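Written below as structure tokens is the structure these notes are about.
The values are calculated or read from the model by the stated rules, or taken from the named source; none is laboratory data. Treat the numbers as computed from the prediction; the structure is a model and nothing was measured. Every residue, glycine as well, gets a Cβ built from its backbone with ideal geometry; the counts of neighbours run over all protein chains shown.
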Amino acid sequence: MINAEQLSKNYGQVQALREVDLTIENEVFGLLGPNGAGKTTFIRILATLLPPSSGKATVFGHDVLHDRIAIRKILGYLPQEFGAYPKFTGREYLQYIAALKGIRRPKAEIERLLTQFNLTDIARRRTKAFSGGILRRLGIAQALLGNPKVLLVDEPTGGLDPEERARFRDFLMDLTDDRLVLLSTHLVEDIAMTCRRLAVLKQGRIAYQGPVSGLIARYSGKVYAVVVAEGEVQQRLAEWKGRVLTTQQQGGGRMVRLLGEVDGGQAVTPSLEDAYLALIRS
Amino acid sequence: MFNSRLIYLEVKALLRRPVWVPLAAYVAWLFFTNLFEGGATPVVSLGLELPFLGPSRGLFSMGEWGRSILLMMELINSVLFSLFIALIAVRACVPELVHREPLWATPRGGTIIAVKLVAVSLTSTALIVFSAGAAFLNPAIRETLVMAGWMYIPLYLALSWVRIAVWVALCMALFSLTRSQWITAILVLVLQIAWLGAAGIWGEPSLLRLLHRNFFAWNFVDIFAPLGVIPTAFLLQGILMVGLVLILLAVAFLARKRFPEWKGIKPRANTVVLVLGVLLVVGGGGGIIHAIQQQVAPFTSSDLWEGRVEFDQPYIWSADFRFLAYPGEYMAVRLPTGTPIPPWVQELAQGRELRRYEVGTIILQGHLGEEEKEAAASLVLVSPIAARQPAELTGVVQQFWHEVQPLVERARLWLGEKEIGVAVSWPDDAFFPYEVRLPGEFLLHRAVFALPPRARQWSASAALAEAAGLAGPVKAYLSIYLMAGADREEAELGLKLVRYIAADKWREFVDLHGFNVMRNVMRGVRIYVREPGGAELVLHHWHQGEALGHENYIRSLLEGGN
């Protein structure tokens, strides 16, 4: 279990996290928020790489400030900007991380992970030759070495093609229930497909935490859809400024989803994306 | 703490970086230069036992190899070595700084810097050890009077490794401070030059130079100082260097805290390392200085030689840092004539043999030829009853005698039946440019035992030629003639150099045969060939000798003057 109480982090005058209270059980938990909302700061504090300015955070009862080694022993971490030693081959990099994690006989586990992430064929190549997607898969494999109880993944699908993103989401869903996975992303689709619960960070504060369905329910009956002729789009968007959630091409016009009732519009069931955008813009 | 797998992988990654190639190339160059030393073709003789005529102790001179390793890191080579190692070290650090995550989120993340230090220093030490390996193969570069046995090799290796570890840790600290590979490398280079300059082979003797000398440990495994000039200080210097490594590693880590992504990290282990490092440096450094000061007399060498003080304790150095005595298994003490033997010498001589020789006038030469003065001296020797001098010393003298015998036979032309002996002045302080010698010319001078065989022969031929009392160029000719009696090819090489000098092309000779070969020959022909017209005169005498027969020609020179 991860528990944060009044957790704050300042970078000089900039407040990256503000009194965050959050509890995460063994589950795949989503951390959603726009760029700069404080997601990476929160993850790095949990990964013991960054000390909080105030407040407290524990991972399975271990304090992030005072029990760093204990946390690291149960932690798998895929950072947002993942780069492997360029002079290592893929297999050597996993061996290196295994040694850093203190895994005694890692060979079988490394081969299993290489197979699982479809890396076997390129495991002999140096990582500097890896594409972004392959490097990401390697990053996930290294995070899983040692079968960690806690897996922190920060923007894991950035730079992946649709097929790889789908594969990664499948993998997250396959993880067993005895593990805590914290998935930090700004991509709503990833959360929608993998998490039952989430927290939304907005300007360093928790704007929502609870079930995905709860966030959607919050905006039930408040989201409307209307089709606007192509010639009127600019005028209408200016008129509805601040309420528009998404727009989408439809036939000869544009389908606009927005918050609140509108002439000619129909109430629709909000998607997670609608609810998230509505929350962020509120 | 250290995982061998991590070190192995670091070394593997290191060897894939081209930055280690210059070091390897330089090391290979040194190796092959030493292998070919003494001849155009490599003189391969596997082993390290000295070629004594008498009984040999087999592997006892393994220490020569270890000493070569230390020398590699102390003289001019050390400047280039430190530069190459700095580049290797910073290249090894770059990925860790760039890809800190997720490495540092692992239980052993805190050991990464230390692992890199071990990997880089082990690899560099291995390369430098290889460069000294020619001492295994080529007897021409094995010096004598290095009586270390194989049992000292671990000490040499450990000392070398710690020394390089200091360099690597320094690179890591500087790189963390500057985040610039080139500034780091240049700073390391400047610091190494400053170390050599401040405490190296130049300048007046001083406490700093004594300290440096203890690090240098030039003669620390010889018959007079089996484990260093001061054994305690030798061990303390290891402690001091380990302390330096710890401090520098801690600085490397602390320096990162200036950067946003490291701010606020307060690893307790780092503080412990820093405190431990400071304790070791202060303890080790203070201990060395104390140990050295205990061995420095309160009087100067002038005070002693002019009879103003008594040599009342076994001090190794005088207050002006002149070598006085080393109270080892074999001890030699020079005293002013008429001075009573100090009680501490008599005490050390109990159950051993004590002999006193009146040597007569000796010359005490100061730094760079300054302050030369004469004094009447006696020599007091203390040795085990069974052996008046070390077997190795006997062996070295026998070897030398064997080498110069052909020269002496030829020199009978002008020496006649005059008795010729070998005078050995020991112990001496090879490190300081301070010389004790007897008036006149002798076959041996103070450094002769520390020279390779060919250099010894040329030095002896020059000394024998001097005894003819003829003009300079004639003496140079005689020296080549004498050498021809021992080795015709070497004499031809000497003549070749004279021809090149006559044509003002001596640099081409160096390009062809190397600087060491030229230096050896110059020991024999001396400055006479550099005098105006000197080289031409030497060649003229040689051609006359070839035409008339050298013996006849030399007799005519001796009879008619030159």
* Is it true that some residue in the range B:272-283 is buried (at least 17 other Cβ atoms within 10 Å of the Cβ) and touching a strand residue (DSSP E or B) at 6+ places or on another chain (Cβ under 6 Å)? -> no
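Counting residues that are in contact with a helix residue (DSSP H, G or I) (Cβ under 6 Å, 6 or more places away or on another chain) and on the phi < 0 side of the Ramachandran plot, which strands (runs of 3 or more DSSP E) fully inside the range A:168-227 reach at least 2?
Details: elements: A:180-185, A:197-202, A:205-211.
It comes to A:197-202, A:205-211.
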* **Number of the exception - A:Glu25 against (1) of a type in the set (D, E, K, R); (2) within 7 Å of chain B (Cβ to nearest Cβ); (3) under 12 Å from A:Val150 (Cα atoms)** => (2)
* Asked: Does A:Leu138 satisfy the criteria of being more than 10 Å from chain B (Cβ to nearest Cβ), within 24 Å of the chain's Cα centre (by Cα) and buried (at least 23 other Cβ atoms within 10 Å of the Cβ)?
  -> yes
* Scan of the range A:141-165 for residues that are loosely packed, with under 14 Cβ neighbours inside 10 Å and either assigned to a helix (DSSP H, G or I) or of a type in the set (Ser, Thr, Tyr) (or both), ordered by number -> A:Pro162, A:Glu163
* To do: Answer with yes or no whether A:Leu17 is out of contact with any Asp or Glu (no Cβ under 8 Å at 6 or more places or on another chain) and of a type in the set (A, V, I, L, M, F, W, C).
  => yes
* Asked: Can you tell me which residue in the range A:209-245 is farthest from the chain's Cα centre (by Cα), limited to those that are closer than 20 Å to A:Leu22 by Cα and surrounded by fewer than 17 Cβ atoms within 10 Å (Cβ to Cβ)?
  -> A:Arg218
* Would the range B:78-88 turn up any residue that is within 14 Å of chain A (Cβ to nearest Cβ) and surrounded by fewer than 22 Cβ atoms within 10 Å (Cβ to Cβ)? -> no
* Asked: For the range B:347-375, what are the residues that are in a loop (DSSP other than H, G, I, E, B) and modelled with pLDDT of 85 or more?
  -> B:Ala349, B:Gln350, B:Gly351, B:Arg352
* Asked: How do the pairs read when you match residues in the range B:85-109 that are without any contact (Cβ under 8 Å) to a residue 24 or more places away in the chain with residues anywhere that are of a type in the set (Val, Ile, Thr) and part of a helix (DSSP H, G or I), using Cβ under 8 Å and keeping only pairs 6 or more apart or on different chains?
  -> B:Glu96/B:Ile112; B:Glu96/B:Ile113; B:Pro102/A:Ile97; B:Leu103/A:Ile97; B:Leu103/B:Ile112; B:Trp104/B:Ile112; B:Thr106/A:Ile97; B:Pro107/A:Ile69
* **Single condition A:Gln248 does not satisfy, out of (1) within 22 Å of the chain's Cα centre (by Cα); (2) within 20 Å of A:Asp190 (Cβ to Cβ); (3) free of Cβ contacts under 8 Å to residues at least 24 places away in the same chain** => (1)
* To do: Tell me, please, whether a residue that is under 23 Å from the mean Cα position of the chain (by Cα), among the β-branched types (Val, Ile, Thr) and either surrounded by fewer than 21 Cβ atoms within 10 Å (Cβ to Cβ) or over 20 Å from B:Cys93 (Cα atoms) (or both) can be found in the range A:112-127.
  => no
* Structure fact -> Here the residues within the range A:141-171 that are within 14 Å of chain B (Cβ to nearest Cβ) and at pLDDT below 90 are A:Glu155, A:Pro156
* Could you please find all residues in the range B:409-422 being more than 10 Å from B:Ala486 (Cβ to Cβ) and at pLDDT 80 or above? => B:Ala411, B:Arg412, B:Leu413, B:Trp414, B:Leu415, B:Gly416, B:Glu417
* **Options A:Val64, A:Val59: the member that is in contact (Cβ under 8 Å) with a residue 24 or more places away in the chain and either touching a Phe, Trp or Tyr at 6+ places or on another chain (Cβ under 7 Å) or buried (at least 18 other Cβ atoms within 10 Å of the Cβ) (or both)** => A:Val59
* To do: Could you tell me which of the residues B:Ser378, B:Ser425 is modelled with pLDDT of 60 or more and not charged (D, E, K, R)?
  => B:Ser378
* Please verify whether the range A:100-111 includes one or more residues that are crowded, with 19+ Cβ neighbours inside 10 Å, free of Cβ contacts under 8 Å to residues at least 24 places away in the same chain, among the basic types (Lys, Arg) and under 24 Å from A:Met1 (Cβ atoms). => no
* Structure fact -> Being free of Cβ contacts under 8 Å to residues at least 12 places away in the same chain and either more than 10 Å from chain B (Cβ to nearest Cβ) or aliphatic (A, V, I, L, M) (or both) narrows A:Asp174, A:Asp178 down to just A:Asp174
* Could you tell me which numbered condition A:Arg196 fails, if it satisfies all but one of (1) loosely packed, with under 15 Cβ neighbours inside 10 Å; (2) among the charged types (D, E, K, R); (3) without any contact (Cβ under 8 Å) to a residue 60 or more places away in the chain? => (3)
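Can you pull out every residue in the range A:57-77 that is under 21 Å from the mean Cα position of the chain (by Cα) and either on the phi > 0 side of the Ramachandran plot or at the interface with another protein chain (Cβ under 7 Å from one of its Cβ atoms) (or both)?
A:Phe60, A:Arg72, A:Leu75, A:Tyr77, listed by residue number.
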* Asked: Is there a residue in the range B:488-501 that is farther than 27 Å from B:Phe400 by Cα and without any contact (Cβ under 8 Å) to a residue 40 or more places away in the chain?
  -> yes
* To do: Can you work out which of the residues in the range B:126-178 that are of a type in the set (Gly, Ala, Ser) and under 21 Å from B:Asn516 (Cα atoms) is modelled with the highest pLDDT?
  => B:Ser131
* Asked: Just a yes or no: is a residue in the range A:88-106 part of a helix (DSSP H, G or I), among the hydroxyl-bearing types (Ser, Thr, Tyr) and at the interface with another protein chain (Cβ under 7 Å from one of its Cβ atoms)?
  -> yes
* Just a yes or no: is a residue in the range A:47-54 under 20 Å from the mean Cα position of the chain (by Cα), buried (at least 24 other Cβ atoms within 10 Å of the Cβ), touching a residue at least 60 places away in the same chain (Cβ under 8 Å) and facing chain B (nearest Cβ under 10 Å)? -> yes
* **Enumerated strands (runs of 3 or more DSSP E) restricted to the range A:14-86, each holding at least 2 residues that are in the same structural domain as A:Leu272 (by the TED database)** => none
* Asked: On the given criteria, is A:Ala4 in contact (Cβ under 8 Å) with a residue 40 or more places away in the chain, within 14 Å of chain B (Cβ to nearest Cβ) and within 21 Å of the chain's Cα centre (by Cα)?
  -> no
